[in-house]
Amino acid sequence: MAHQPLEFTPLNIAVLTVSDTRTAENDTSGDTLVGRLRGDGHHLSARDLCRDDVYAMRAIVSAWIADPAVDVVITTGGTGMTARDSTPEALAPLFDRRVDGFGELFRHLSLADVGTSTLQSRAVAGLANRTLVFCLPGSTGACRTGWDGILREQLDGRHRPCNFVGLTAAPGRG
């Protein structure tokens, strides 16, 4: 028996850029994510930029996790190895469940672009209050890799054999 094709359900996605140097005018990584998510039919529900500060990140992302109008949060920046990079430490404690394979798959995909430097990426993801949270590195290339290589398919309910859409509290899903 053939499966009936599913309809695309747009998700409401919030984008947070974590940076001590970027501004709304030069946030190419955030712009890349917004362009791609909109290009693939999703809705931008919120966008913000904050310094690399654990509590500032937690405040913004916690508010989005609590907001039923946000299905997915994508952050860019703060996932490296320097003393200022604190996105994983800030956001992983908010997760109800980690998506352990996300970081591994991201590093595998980015190997072609950045070689062994991919080892310094601490990309992480998790589920919090039925909101998916993906933490990508801050480069524009990393945002392209993360969206094109992972998120595009996993945020599309038509992707088989499985995807993340059913884990969210998006309208129409229990």
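The values are calculated or read from the model by the stated rules, or taken from the named source; none is laboratory data. What you are looking at is a predicted structure, and each value in this text was computed from that prediction instead of being measured. Cβ atoms come from the backbone with ideal geometry, glycine included; neighbour counts cover every protein chain shown.
Only one of Glu153, Glu104 is surrounded by fewer than 22 Cβ atoms within 10 Å (Cβ to Cβ), within 14 Å of the chain's Cα centre (by Cα) and either at pLDDT 95 or above or hydroxyl-bearing (Ser, Thr, Tyr) (or both); which? Write out each step before concluding.
On the way: Glu104 fails: within 14 Å of the chain's Cα centre (by Cα).
Only one candidate passes the filter, namely Glu153.
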Out of Ser110, Ser121, Ser117, sole residue that is out of contact with any helix residue (DSSP H, G or I) (no Cβ under 8 Å at 6 or more places or on another chain) and either at pLDDT 95 or above or not charged (D, E, K, R) (or both): Ser117
Failed condition for Arg38, given (1) surrounded by 13 or more Cβ atoms within 10 Å (Cβ to Cβ); (2) charged (D, E, K, R); (3) in a loop (DSSP other than H, G, I, E, B); (4) without any contact (Cβ under 8 Å) to a residue 12 or more places away in the chain: (3)
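In the range 43-97, what residues are assigned to a loop (DSSP other than H, G, I, E, B), under 29 Å from Thr9 (Cα atoms) and of a type in the set (D, E, K, R)?
Initial filter on the range 43-97 (assigned to a loop (DSSP other than H, G, I, E, B)): 51-53, 67-71, 77-86, 95-96.
The next check asks that each one be under 29 Å from Thr9 (Cα atoms); those that pass are 67-71, 77, 95-96.
Listed by number, the residues that qualify are Asp67, Asp71, Asp96.
Among what's in the range 106-123 and is in a helix (DSSP H, G or I) and charged (D, E, K, R), pick the residue that is nearest to Arg144 (Cα to Cα).
Filtering the range 106-123 down to residues in a helix (DSSP H, G or I) leaves 106-120.
Okay, now just the ones that are also charged (D, E, K, R), so 107, 113.
Values: Arg107: 13, Asp113: 11 Å.
The residue in question is Asp113.
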Which numbered condition Trp147 misses (of (1) surrounded by fewer than 13 Cβ atoms within 10 Å (Cβ to Cβ); (2) in contact with a Lys or Arg (Cβ under 6 Å, 6 or more places away or on another chain)): (1)
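For Ser117, state whether it is buried (at least 17 other Cβ atoms within 10 Å of the Cβ) and more than 19 Å from Val99 (Cβ to Cβ). Before you say what the answer is, go through the steps one by one.
Details: buried (at least 17 other Cβ atoms within 10 Å of the Cβ): no; more than 19 Å from Val99 (Cβ to Cβ): yes.
No: the conditions fail for Ser117.
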Scope the range 1-27; condition polar (S, T, N, Q), over 20 Å from the mean Cα position of the chain (by Cα) and either modelled with pLDDT of 90 or more or buried (at least 18 other Cβ atoms within 10 Å of the Cβ) (or both); matching residues: Thr21
